[in-house]
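The values are calculated or read from the model by the stated rules, or taken from the named source; none is laboratory data. The shown structure was predicted, so the numbers you read here are calculated from the model rather than taken from an experiment. No Cβ is skipped: glycine too gets one built from the backbone with ideal geometry, and neighbour counts run over all protein chains shown. We work out accessible area using only protein heavy atoms, side chains counted, and drop any ligands, DNA or RNA first. Shrake-Rupley method; radii C 1.70, N 1.55, O 1.52, S 1.80 Å.
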Amino acid sequence: MSLVGKKFPNITVDAISEMGDNLRINILEEATKNNKKVLLFWYPKDFTFVCPTELHAFQAALPEFNAKNTIVIGASCDTNEVHFAWLNTPKANGGIEGVTYPLLADTTRNLSTALGILDAEEVFNEETGDYLIEGSNVPYRATYLIDETGKIFHESVNDMPLGRNVGEYLRLIDAYTHVQTKGEVCPANWENGKEAMTADRLSTAAYLSKN
């Protein structure tokens, strides 16, 4: 079930900083108390293959996110200790050394379960009478954009092999900020600086006649 338009779950999760400091982060509070947008991206596991390419891509774009009043936070279900080991592994060895944004360690899976993004299905075993988990029980590549009020204005979920396009999240933040500040709506393929529309039939007709 989509969470777009709803408040982000009010759940506090363990996290770690680039320096190895153990943190407790509540995404809803990060947005509302700091009056900032938040980009939260989930990835399946530390020390894997597509994942480090994404973490470095978000790091490379971090100045752009900062300029758009947006906090970037990564997340998986690995422990803080495993996160820190990966943060201290050089890029040339498949590590994420140089990543400076915090990483959530949702080891309880409280938040990822609330979001419904785990590759897991509870199945009843008739022989034992137990409920067992099938699947990897790690998160898909889910991404959430949260506004300054804590409302989710974008969510997307990729399957495990599919890396994200970081530039698309920058575009979506620009578009949502335009809606917030100008009161206009953004048509297909809109980019910052391009023409937008008012939400009425005449404006749509005028836009389509020129594009």
**Asked** How about K68: which lysines have a C-alpha closer than 18 Å to its C-alpha, ignoring those fewer than 8 places off in the same chain?
**Response** K33, K36, K37, K151, K182, K194
**Message:** Can you give me the angle between helix 166-182 and the longest principal axis of the chain, using Cα atoms only, in degrees from 0 to 90, rounded to the nearest 10?
**Reply:** 50 degrees
**Fill in**
For the range 11-72, shape from the Cα gyration tensor axes a ≥ b ≥ c, cut at a/c of 1.5 then a/b versus b/c, turns out oblate
**Asked** Around I11, which amide H atoms from residues at least 5 apart in sequence, or from another chain, sit under 5 Å from its own amide H, with H modelled in the peptide plane?
**Response** I27, L28
**Fill in**
Taking the alpha-carbon centre of each part, the distance from the range 4-68 to the range 167-200 in Å is 23 Å
**Asked** For the range 93-211, what is Rg from Cα atoms divided by 2.2 N^0.38 Å, rounded to two decimals?
**Response** 1.53
**Message:** Accessible area per residue for the chain in Å², computed with a 1.4 Å probe and the full protein assembly in place, what is it?
**Reply:** 52 Å²
**Asked** Check I71: other-chain or 5+ apart residues with amide H under 5 Å from its amide H, H built from backbone geometry?
**Response** K37, V38, L39
**Request:** Calculate, for T113 and E64, the FRET efficiency according to 1/(1 + (r/R0)^6) with r their C-beta to C-beta distance and R0 35 Å; round to the nearest 0.05.
**Result:** 0.65
**Computed label-point distance, nm, for sites V157 and E126 using a 7 Å Cα→Cβ extension** = 2.8 nm
**Message:** Please list, in order along the range 102-108, the HN-Hα scalar couplings obtained from phi with the Karplus expression 6.51 cos²θ - 1.76 cosθ + 1.60 (θ = phi - 60°), rounded to whole Hz, x for Gly and Pro.
**Reply:** x, 10, 6, 10, 7, 5, 6
**Prompt:** aspartates and glutamates near K91 by alpha-carbon distance under 20 Å, same-chain residues fewer than 8 away left out - which ones?
**Reply:** E18, D46, E54, D78, E81
**Asked** What do you reckon, how do M1, M160 stack up by accessible area (1.4 Å probe), largest on top?
**Response** M1, M160
**Candidate values (1) 14.7; (2) 13.4; (3) 17.7, label of the one derived for mean projected area of the Cα convex hull in nm²** = (1)
**Prompt:** For I133, what accessible area in Å² do you get when you roll a 1.4 Å probe over the heavy atoms of the protein chains, rounding to the nearest 10?
**Reply:** 90 Å²
**Request:** Run the accessible area of the chain with a 1.4 Å probe and give the carbon-and-sulfur part as a rounded percent.
**Result:** 51 percent
**Prompt:** What does the range 165-210 give for Rg and for Dmax, in Å, if only its C-alpha atoms count?
**Reply:** 11.0, 34
**Asked** Can you give the calculated 222 nm mean residue ellipticity of the chain, where each DSSP H run of n ≥ 4 adds -39,500 (n - 2.57) and the sum is split over every residue, rounded to the nearest 500 deg cm²/dmol?
**Response** -9000 deg cm²/dmol
